[in-house]
Amino acid sequence: MKSSSGARSLDRQVQTPLWRQLRDDLCRRLEVGEFANGPFPGELSLREQYGVSRHTVREALRQLREDGVVTAVRGRAPQIPPAAQIEQPLGALYSLFAAAEDAGMEQISQVRVLDLRVDEVAAGRLGLPNDVPLLYLERLRLADGEPLALDRVWLPAQLTAPLLDSDFTRTALYDELDRRCAIRLTGGEEHLRAVVPTAPERVLLKIDDRTAAFAIERTGTWGSRRIEWRHTLIRGDRFSVSASFAARTGYRLGVAAPLLHSDQAFVDSAFPSAAPRSSHA
């Protein structure tokens, strides 16, 4: 009886190419977790294990790279890419806190700012007069102790002031909205785009200038009222988005226009600094 792990002999008497047999056996070994606690074997090791040529090994690895099973950089041994940590379904109201917990990770937040302030840009997004006080919450979100996202949220203070007494270290905003303010979001819209984080943002998220990031802007509604405007900057190496489709409904994906100079000025005015402003209400 063959072991569930370890290299299996390739059959040279069948029509299936050796590279395909090698690829399939490597996939089997990956599925049983053989390389979970050690490095993925390099080309020379695979040639010795399977008794095949360098061409056969390289073709098998090329197929694994195309399928996203392994990654490879010139001069380095193949690596098993980390699984996506957080997956957001498109078109669904979600909680980043709950998503991290569901993925089996400990989710905590470092609260950087929690106050009341006047913000004309945010008020406009919520359909409120410019001078209306808003509750502002800024958090650095951590999953398993590593930065995941920088989250900034504005809410009408008239309805959400009780949140000033909340401890958001390990608490989801939506849970607190429900518990303290009897508000449950019923819908809204969300825009996601790739961005280049600023140097201070990269420091907070512990990423270099080669790591991608997503900017997610959400307007959440409670009935017919806009109740939440949120801007989340999230590490691209720890986050993915997904969509479902069906024969009846088809596949729908909104494509935004390129970011224009006027839009960039808006973003700069909306998120100038993490420091609290002087216009407290």
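The values are calculated or read from the model by the stated rules, or taken from the named source; none is laboratory data. If you're wondering where the values come from, they're calculated on a predicted model, not measured in any experiment. Glycine also receives a Cβ, built like all others from the backbone with ideal geometry; neighbour counts cover every protein chain displayed.
For this structure, a couple of remarks:
- Residues of segment 178-193 satisfying the condition of being in contact (Cβ under 8 Å) with a residue 40 or more places away in the chain and either closer than 26 Å to Glu106 by Cα or in contact with a helix residue (DSSP H, G or I) (Cβ under 6 Å, 6 or more places away or on another chain) (or both): Ile183, Leu185, Leu192
- Qualifying residue in segment 38-48 (condition: surrounded by fewer than 18 Cβ atoms within 10 Å (Cβ to Cβ), touching a residue at least 40 places away in the same chain (Cβ under 8 Å), assigned by TED's automatic domain parsing to the domain that holds Gln63 and of a type in the set (D, E, K, R)): no
- Of the helices (runs of 4 or more DSSP H) lying entirely inside segment 150-211, those carrying at least 3 residues that are in the same structural domain as Leu114 (by TED's automatic domain parsing) and crowded, with 19+ Cβ neighbours inside 10 Å are 173-181.
- Elements of type helices (runs of 4 or more DSSP H) in segment 31-112, at least 2 residues being of a type in the set (Lys, Arg) and modelled with pLDDT of 75 or more: 54-66
- When the residues of segment 114-146 are filtered to those that are part of a loop (DSSP other than H, G, I, E, B) and among the small types (Gly, Ala, Ser), the one that is surrounded by the most Cβ atoms within 10 Å (Cβ to Cβ) is Gly127.
- The set of residues in segment 222-235 that are free of Cβ contacts under 8 Å to residues at least 60 places away in the same chain and surrounded by 16 or more Cβ atoms within 10 Å (Cβ to Cβ) contains only Trp222.
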